[in-house]
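Let me begin by presenting the structure, written as structure tokens, before commenting on it.
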Amino acid sequence: MSSALIIDNWLLQDVGACLAEGLDSGESSEIQIRRRQNAHRYIDVPRAAVQIEALIALLIDIVLRDSLLVDSGFTAAWRRYKKNLTPLTDHGLVRAVDFRAAENRLPEVTKLIVDQLCVTRSLQEVQTLNEEGWRESRRLHDPYTSQIIWGTAGMLGRSHIFEAPYSGHPLRRRLIEQTFMSRTKRDVVTETLEWMKSERMRIYEMRNEGSVVRQAILVLPPVVIDVIEEARTADQLIPVALQMRDRHRKLREWLKTIQIAVDSEDAKTIASYRKTLEAVARDIGREIGKDEETAPRISLEIGFGLPSISFDLTTIDGIRKRFGMRAILSQQVFSARGEASLKKLLNMFGEKRTRLSVSVHEYLRVHGGR
């Protein structure tokens with residue numbers, strides 16, 4: 001399953017809800033790990049921001065993945081949003097899979113992953129109470145924490161058994177990030193997007209007497225920016241993302257080739273992949289690190305109180321003259337930051353200069369938009 005990605009039905013449920021009903025003005029609970037206190041706590045985060053983050057993740061995966069696999073046992077969570085999500089099933093991109101074939105092996109793997117996720121004494125205690133309650137009366141002591149802990153572990157277990165990477169709902173992904181848990185399967189698409197984000201952030205570094213200060217600013221993935229700029233309404237986002245698959249076909253096929261090389265331990269192809277990223281990084285470094293006489297001219301604009309950087313046309317022209325994957329990756333890195341695209345996206349949901357739009361922006365600025 002080199003080109004497949006396992007995703008949560010929960011993620012599709014949140015995306016379907018916001019497309020059909022608009023952004024939710026309520027709060028969601030995010031688990032925050034406090035390692036020094038050997039404890040965890042729940043913090044309130046804007047539910048609308050979680051919905052937008054889920055939408056962004058789905059749009060990326062629509063463009064860059066060959067198939068998205070969901071557990072067939074829980075698709076009822078989003079089936080009611082047929083109008084918005086049916087294009088994904090009609091296209092054959094979202095596929096409901098019967099994971100019951102792994103039931104014999106899943107409990108053992110899940111238990112191991114649960115132990116790795118419960119990194120504090122408090123999480124261990126809640127998980128123990130949930131397991132005891134379920135075993136004795138089929139009732140959970142803390143259903144929400146179970147949805148995060150047990151649900152995440154179960155999906156990571158499926159990822160391990162079916163040998164397909166897993167990308168979770170934002171609230172599950174946040175837990176994985178905090179527990180420093182390694183991925184059950186190496187995912188080249190995610191690795192490349194993280195590399196791309198890092199290189200894009202380099203553009204916004206501010207140097208002061210030899211030191212480097214990196215501002216906490218919003219940088220959206222270029223693929224998402226393309227989709228948002230092409231769409232006119234929220235209803236068009238998924239259909240446009242499906243259309244964008246053709247525009248980004250070369251990038252998607254290259255990533256698939258590298259994933260197959262990783263799975264088959266093809267050292268030569270993996271080395272070529274690394275060399276390509278290193279070459280692009282050098283190109284970018286030259287473009288943003290030249291001396292004053294030859295450096296590309298940079299202009300600053302203010303958006304949401306933060307600087308927006310645009311490069312002189314000579315810089316962009318130089319990038320465009322390159323060929324192959326190196327050129328494609330360079331163009332992705334030098335894409336617009338995404339500030340205007342996020343404003344347009346929020347405006348699609350009727351949130352223009354509202355308190356909710358500000359809270360969404362701030363959440364994505366902290367969490368990186370992915």
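The values are calculated or read from the model by the stated rules, or taken from the named source; none is laboratory data. What you see is a predicted model, and the numbers here were worked out from it, not measured in a lab. All Cβ positions, glycine included, derive from the backbone under ideal geometry; neighbour counts span all protein chains shown.
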* Pull up region 59-80, narrow it to residues that are surrounded by fewer than 19 Cβ atoms within 10 Å (Cβ to Cβ) and in a loop (DSSP other than H, G, I, E, B), then point me to the one that is nearest to the chain's Cα centre (by Cα). => Asp66
* Asked: Restricting region 325-345 to residues that are closer than 13 Å to Arg282 by Cα and crowded, with 18+ Cβ neighbours inside 10 Å, which is farthest from the chain's Cα centre (by Cα)?
  -> Ser330
* region 48-87, residues that are among the polar types (S, T, N, Q) and either over 18 Å from Leu171 (Cα atoms) or not assigned by TED's automatic domain parsing to the domain that holds Ser25 (or both) -> Ser67, Ser72, Thr75, Asn84, Thr86
* Asked: Residues of region 118-149 being outside any loop (DSSP other than H, G, I, E, B), in contact with a helix residue (DSSP H, G or I) (Cβ under 7 Å, 6 or more places away or on another chain) and under 20 Å from Phe74 (Cβ atoms), which ones?
  -> Asn130, Thr145, Ser146, Ile148, Ile149
* **Single residue of Met196, Met181 found to be under 26 Å from the mean Cα position of the chain (by Cα) and at pLDDT 90 or above** => Met196
* To do: With the condition kept exactly as written, say whether any residue in region 74-84 is in contact with a strand residue (DSSP E or B) (Cβ under 7 Å, 6 or more places away or on another chain), in contact (Cβ under 8 Å) with a residue 40 or more places away in the chain and not small (Gly, Ala, Ser).
  => yes
* Mind checking which residues of region 159-172 are at pLDDT 90 or above and either charged (D, E, K, R) or outside the structural domain of Asn104 (by TED's automatic domain parsing) (or both)? -> Arg172
